[in-house]
């Protein structure tokens with residue numbers, strides 16, 4: 001392991017995940033981080049279901065810290081808050097809904113630790129076990145990834161994935177502005193513009209449907225179309 005990689009910062013934006021966040025934290029704490037010290041940074045985005053109260057009861061030790069927003073601002077805003085407090089040389093983004101499995105951390109980290117990659121995306125469509133869900137969600141993801149690839153000159157299979165891992169140096173001096181799910185194409189466009197080495201690895205995925213609490217919707221998909229163009233050409 002390169003000597004300059006000592007700590008992994010795991011950023012977890014949280015909104016109304018009272019049923020899953022405690023188990024997620026347990027899984028993150030026990031996940032294999034390839035020898036890196038883990039720093040877990042949670043940001044409660046003004047949850048209304050008791051998530052905030054639950055997070056207050058979780059011991060804030062062993063590298064766990066919790067911050068909160070006074071009103072709901074979105075995933076992108078929560079990630080910006082988490083980044084302000086992250087100190088690791090490697091950053092990993094983790095959702096709190098148990099769709100993504102922390103047991104995939106070694107596969108996400110090794111290309112960076114081996115010196116091959118600066119950025120690693122965990123693809124839901126490049127291997128691994130995944131739950132079969134809605135066809136049109138799959139097609140929308142494919143379309144957004146295709147457009148992003150065309151404009152950023154990449155060949156990702158899953159631009160919208162939660163699992164984005166990168167060296168802290170990759171975002172130094174970078175201004176992020178998205179408040180909601182536009183953070184996905186924004187990060188992709190700005191990292192690609194800096195010509196970092198991208199890798200992709202297959203991950204496991206236990207997707208939810210709307211009855212189970214899934215939050216992203218068709219409006220976010222339409223907004224992503226604009227964000228792909230905006231962050232490639234105008235920001």
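Read-outs throughout are calculated quantities, based only on the coordinates presented, and are distinct from any laboratory measurement. These numbers come from a predicted model, not from an experiment. Cβ coordinates were reconstructed from backbone atoms using ideal geometry, including for glycine residues, and neighbour counts include every protein chain displayed.
For the chain, a Gaussian network of Cα nodes joined below 10 Å ranks 115, 50, 63 by mean-square fluctuation, and the top entry is 115.
Peptides 69-76, 8-15, 94-101 ranked from most to least packed, by the mean per-residue count of other Cβ atoms within 10 Å: 8-15, 94-101, 69-76. Identify the residues of segment 160-200 with backbone N under 19 Å of a label point that sits 7 angstrom from the Cα of residue 4 along the Cα-to-Cβ direction, or state none. Under cut-off, by backbone N: 165-174, 191-192, 194-199.
Springs between Cα atoms under 10 Å define the GNM used for the chain, and in it the highest mean-square fluctuation of 158, 45, 114 occurs at 114.
Give the dimensionless ratio obtained when the Cα radius of gyration of the chain is divided by 2.2 N^0.38 Å.
On the way: Rg = 16.6 Å, N = 235, 2.2 N^0.38 = 17.5 Å.
With N residues counted in the chain, Rg over 2.2 N^0.38 Å equals 0.95.
Please state the relative contact order of the chain as a whole percent: Cα pairs under 8 Å, 6+ residues apart?
On the way: 438 pairs, mean separation 55.4, N = 235.
Reported as a whole number, the value is 24 percent.
Out of all DSSP beta bridges with both ends in the chain, state the antiparallel percent to the nearest 5. Could you put the intermediate results ahead of the total?
Working: 7 of 30 bridges.
So the antiparallel bridges in the chain amount to around 25 percent.
The length gained by stretching the chain between residue 199 and residue 155 to full extension, at 0.36 nm per residue less their Cα-Cα distance, is 14.9 nm.
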